[in-house]
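J.: I have a structure I would like to understand better, so I am pasting it below and will then ask my questions one at a time.
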Amino acid sequence: EASLRLMSSPQTTNNHISQFTLCMPTRNFSSMETATIENDDGGPVTGGFDATLKEMTNEQLADMSTIPGWNLVHNPPRHNPRGALVGKVVSDKMQKTVNVAVDRYRIVPKYRKRLRYTKKFMAHDEHEVCNVGDLVMIVPCQKISRHKHFMVREIIRAKGQL
């Protein structure tokens with residue numbers, strides 16, 4: 001680990017405040033393991049990749065998991081459960097309950113403008129992991145209390161993450 005030190009220089013200004021310089025020791029990267037090829041510049045893959053695809057049979061090509069690198073580029077479509085809603089947590093002040101605002105949009109044909117309708121749902125958060133600003137998926141469940149009939153299924157994006 002690199003440590004940060006402040007060293008005072010012998011030079012002083014007119015009002016006798018000493019100047020400080022930051023000294024950062026150099027790191028030794030030779031002990032770190034590298035998983036990439038030494039001359040890899042991050043560019044396109046060339047060489048034996050096309051030959052590998054030409055040698056594969058039609059059955060192997062039909063099964064996408066056998067294609068090299070397929071799991072790195074393929075993002076399967078998300079199948080949401082029935083009745084699932086996606087919204088933003090607006091309150092987490094209750095015990096094991098979060099308030100989720102779900103936005104729905106409707107286009108007004110006359111003006112060709114999009115109107116936003118916001119409805120707030122109370123959702124059960126068993127482990128109290130949701131925070132204000134998180135984007136969550138809620139799914140309907142058996143009625144838990146007077147106003148609560150949704151459960152938090154997953155946190156899609158925590159606040160502050162891209």
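J.: Kindly establish whether Y111 is assigned to a loop (DSSP other than H, G, I, E, B) and either of a type outside the set (V, I, T) or free of Cβ contacts under 8 Å to residues at least 60 places away in the same chain (or both).
T.: yes
J.: Let me ask another. Determine the pairs where a residue that is free of Cβ contacts under 8 Å to residues at least 24 places away in the same chain and assigned to a loop (DSSP other than H, G, I, E, B), located within region 118-141, has a partner that is open to solvent by 40 Å² or more (accessible area, probe 1.4 Å) and not small (G, A, S) with Cβ atoms under 8 Å apart, the partner being 6 or more residues away or on another chain.
T.: Listed by first residue and then by second, the contacts come to C141/H149; C141/M151.
J.: Mind counting the residues in region 124-149 that are over 19 Å from the mean Cα position of the chain (by Cα) and under 17 Å from K93 (Cβ atoms)?
T.: 8
The values are calculated or read from the model by the stated rules, or taken from the named source; none is laboratory data. Quick caveat, the model's predicted, so the values are computed rather than measured. We place every Cβ from the backbone using ideal geometry, glycine too, and count neighbours over all the protein chains shown. Heavy atoms of the whole protein, side chains included, go into the accessibility calculation; ligands, DNA and RNA do not. Shrake-Rupley method; radii C 1.70, N 1.55, O 1.52, S 1.80 Å.
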